[in-house]
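Enquirer: The structure is given below, and queries will be raised subsequently.
The values are calculated or read from the model by the stated rules, or taken from the named source; none is laboratory data. Bear in mind the structure is a predicted one, so any value in this text is a computation, not a measurement. Cβ placement follows ideal geometry from the backbone for every residue including glycine, while neighbour counts extend to all protein chains displayed.
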Amino acid sequence: MIWEPYDDGDTIGQEGSENGVIMRDDEHPMGARITLERDTRVAPFAITCGVYGLMFHTRFLATEADALTQFEAMRDALTQIIAAIPAPGDPEADAKMAAVSEALNLFVDQYP
């Protein structure tokens, strides 16, 4: 499954959670979202992302080039994380969720 524009792309140009203008806003059907904003209150660019029910993270960047590169890298990392989330009823769910939790912690460390 691939990432698709959130809300059919209707959020592009709207104000985002960091009070900037949304440039990109993608959602994965397995339960994740990542948004890139420009001209936020805190920094020139912000990336917010989350895995529904598990994690929400915001990152601030100074340049558009860095923001675009990091958006792609973070989206790829999130894809790997959500692919590791066990299906309901998986007999190894506890062990798999422990690994997912560790992966989320590493994600936040890697993309501060």
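Enquirer: Please pick out the residue among E27, E72, E15 that is touching a residue at least 12 places away in the same chain (Cβ under 8 Å) and charged (D, E, K, R).
Expert: Result: E27 is the single residue among E27, E72, E15 that is touching a residue at least 12 places away in the same chain (Cβ under 8 Å) and charged (D, E, K, R).
Enquirer: Quick test for you: out of E37, E72, pick the one residue that is modelled with pLDDT of 95 or more and either more than 16 Å from the chain's Cα centre (by Cα) or in a helix (DSSP H, G or I) (or both).
Expert: Testing whether each residue is modelled with pLDDT of 95 or more and either more than 16 Å from the chain's Cα centre (by Cα) or in a helix (DSSP H, G or I) (or both) leaves just E72.
Enquirer: On the given criteria, is V100 surrounded by 12 or more Cβ atoms within 10 Å (Cβ to Cβ) and touching an Asp or Glu at 6+ places or on another chain (Cβ under 7 Å)? Give the steps one after another, and end with the answer.
Expert: Working: surrounded by 12 or more Cβ atoms within 10 Å (Cβ to Cβ): yes; touching an Asp or Glu at 6+ places or on another chain (Cβ under 7 Å): no.
So V100 does not fit the description; no.
Enquirer: Looking at T48, T69, T58, T40 in this structure, which one is more than 15 Å from V108 (Cα to Cα) and touching a strand residue (DSSP E or B) at 6+ places or on another chain (Cβ under 7 Å)? Steps first, answer last, please.
Expert: Working: T48 fails: more than 15 Å from V108 (Cα to Cα); T69 fails: touching a strand residue (DSSP E or B) at 6+ places or on another chain (Cβ under 7 Å); T58 fails: more than 15 Å from V108 (Cα to Cα).
After applying the criteria, what remains is T40.
Enquirer: Select, from A32, A93, the only residue that is surrounded by 13 or more Cβ atoms within 10 Å (Cβ to Cβ), without any contact (Cβ under 8 Å) to a residue 12 or more places away in the chain and small (G, A, S). Talk me through it step by step, then tell me what you get.
Expert: Working: A32 fails: without any contact (Cβ under 8 Å) to a residue 12 or more places away in the chain.
That would be A93, the only listed residue that is surrounded by 13 or more Cβ atoms within 10 Å (Cβ to Cβ), without any contact (Cβ under 8 Å) to a residue 12 or more places away in the chain and small (G, A, S).
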